[in-house]
1. Read through the list (1) touching a helix residue (DSSP H, G or I) at 6+ places or on another chain (Cβ under 8 Å); (2) at negative phi; (3) assigned to a loop (DSSP other than H, G, I, E, B); (4) open to solvent by 10 Å² or more (accessible area, probe 1.4 Å), then give the number of the only condition that residue 276 fails.
2. Collect the residues in region 184-211 that are assigned to a helix (DSSP H, G or I), among the hydroxyl-bearing types (Ser, Thr, Tyr) and within 25 Å of residue 324 (Cα to Cα), keeping them in residue-number order.
3. Search region 68-91 for residues being open to solvent by less than 10 Å² (accessible area, probe 1.4 Å) and closer than 17 Å to residue 136 by Cα, and hand back the single one that is nearest to the chain's Cα centre (by Cα).
4. Please determine, by comparing only the residues of region 283-304 that are assigned to a loop (DSSP other than H, G, I, E, B) and over 20 Å from the mean Cα position of the chain (by Cα), which one is surrounded by the most Cβ atoms within 10 Å (Cβ to Cβ).
5. Give region 24-49 a look and list any residue that's of a type in the set (A, V, I, L, M), over 11 Å from residue 170 (Cα atoms) and either modelled with pLDDT under 95 or open to solvent by 40 Å² or more (accessible area, probe 1.4 Å) (or both), or say none.
6. Mind checking which residues of region 92-119 are hydrophobic (A, V, I, L, M, F, W, C), open to solvent by 30 Å² or more (accessible area, probe 1.4 Å) and touching a residue at least 12 places away in the same chain (Cβ under 8 Å)?
7. I need the strands (runs of 3 or more DSSP E) fully contained in region 309-375, keeping only those with at least 1 residues that are polar (S, T, N, Q) and either in contact with a helix residue (DSSP H, G or I) (Cβ under 8 Å, 6 or more places away or on another chain) or open to solvent by less than 20 Å² (accessible area, probe 1.4 Å) (or both).
8. Could you list, in sequence order, all residues of region 231-252 that are in contact (Cβ under 8 Å) with a residue 60 or more places away in the chain, open to solvent by 50 Å² or more (accessible area, probe 1.4 Å) and assigned to a loop (DSSP other than H, G, I, E, B)?
Amino acid sequence: MRLLTTTALVASVALGGGAFAEGSLPLKELPDIGERDYWVPDEVNADGKLEALQAVVGSEAVPFSGSLDNPVQIALIYPSADTSDFWARNYLAMTKRLEELGINFETTEFASRQIEHSLQSTYANQVEQDADLYDYVIFGPSELAIQADNIDKLAGNDGFSTYVWAFHTPLKDLKTQPDAWFDFSSAAGALVMCDYMLGRLGNDVTMAMNRGIPGITDNQRSGDFKACVEEKGNWTTAYEHYGEYQREGGFEGTSLILQAYPEATIIHNANTAMAMGSVEAQVSQGKEKEVFSTGWGGTGLELDAIRRGELDATPMRMGDDVGAATAEAIRADLEGRADELPLVFLGRITVAHDELSAEEIDALEQEAFRFSGVGALER
């Protein structure tokens, strides 16, 4: 590591490539643990640690108590070239929170699109080989299972601390767990959205789905939502299209749905990019008022679409929580307090929808994007 502070060296020794010693997980077991190849947050977080970090993230910054001989070096490997502004916003949230904390830093970004799995592997290899250049590596996997080997490789390098963005399900077969995972629970968001949709639209509804890439994220965002509305509301799923989290996939899937499955009155989209493509397809055919469309994440693009009357509802993350929590984790690490952190940090999720007043949407947006700013980002 390039840092020369005593606190940083103590923290790196304490972490040893992971906040938990090998073989110490899970801390507790939920009934279906044997059916999964991953752990859920409640199985790996010590009681109270998640809530404590959430409270810190939602409060005013407490300045870093140590001193640095050199700027903290942070590498970010993530699909920030995609349509979703999740990555850009959390980058801004992290850097602005670090500034509030008084931590001097420099960042190096390795951008890709979410479908560019091999490019992410190239970046991971490059960063791992240049371990002496970095103190922290933030990895936003294109898909968790596909990038598992790269996560393992980065987490196993004791030259830096490894944080994973946008996933909250630590894989059981990793040889070394990352130092922390930062995300919003897609499973929890699916249930929040399920309850909202059943309450608003009732039972016996037919829907179609623009799903993402087969894997944990889509299993939760789409699969858990589908299972919930089918079980609790007797909904029927007419068609499922895998759009690979791309705008084009949402457009193509929706165009097919509108033509071949007119009985579907709801279109579920598993991320911002597909939701924007879906909206575009509906508008091109003049059917945006005939179909109830959902997004995922409550990004600036989605909120603008709700304001225009083109998107109806979305599970909305308090988006800047992930970036701010990462900055707070860096502060805790530098201060030798890494053992106070949860292994998995989760942000809050609510539902933004077209029946909210303009003032209510604005208030949600102000809170969610308190660091990165409201409105769609210029990119």
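The values are calculated or read from the model by the stated rules, or taken from the named source; none is laboratory data. Model, not experiment: these values are computed from the prediction. Cβ coordinates were reconstructed from backbone atoms using ideal geometry, including for glycine residues, and neighbour counts include every protein chain displayed. We work out accessible area using only protein heavy atoms, side chains counted, and drop any ligands, DNA or RNA first. Shrake-Rupley method; radii C 1.70, N 1.55, O 1.52, S 1.80 Å.
1. So residue 276 meets the others, but not (3).
2. Matches in region 184-211: 186 only.
3. The extreme case among them is 90.
4. So the first thing to find is which residues in region 283-304 are assigned to a loop (DSSP other than H, G, I, E, B), and the list is 285-291, 295-296, 298-299.
Applying the additional criterion that residues be over 20 Å from the mean Cα position of the chain (by Cα) yields 285-291.
Working: 285: 13, 286: 8, 287: 14, 288: 20, 289: 11, 290: 11, 291: 22.
Checking each candidate, the answer is 291.
5. Within region 24-49, 27, 30 qualify.
6. If the condition is that a residue be hydrophobic (A, V, I, L, M, F, W, C), open to solvent by 30 Å² or more (accessible area, probe 1.4 Å) and touching a residue at least 12 places away in the same chain (Cβ under 8 Å), then 92, 105, 111, 115 are the ones that fit.
7. Working: elements: 313-317, 344-346, 349-353.
By residue number, 313-317, 349-353.
8. Looking only at region 231-252, we keep the residues that are in contact (Cβ under 8 Å) with a residue 60 or more places away in the chain, and these are 244-247.
Applying the additional criterion that residues be open to solvent by 50 Å² or more (accessible area, probe 1.4 Å) yields 244, 247.
If the condition is that a residue be in contact (Cβ under 8 Å) with a residue 60 or more places away in the chain, open to solvent by 50 Å² or more (accessible area, probe 1.4 Å) and assigned to a loop (DSSP other than H, G, I, E, B), then 244 is the only one that fits.
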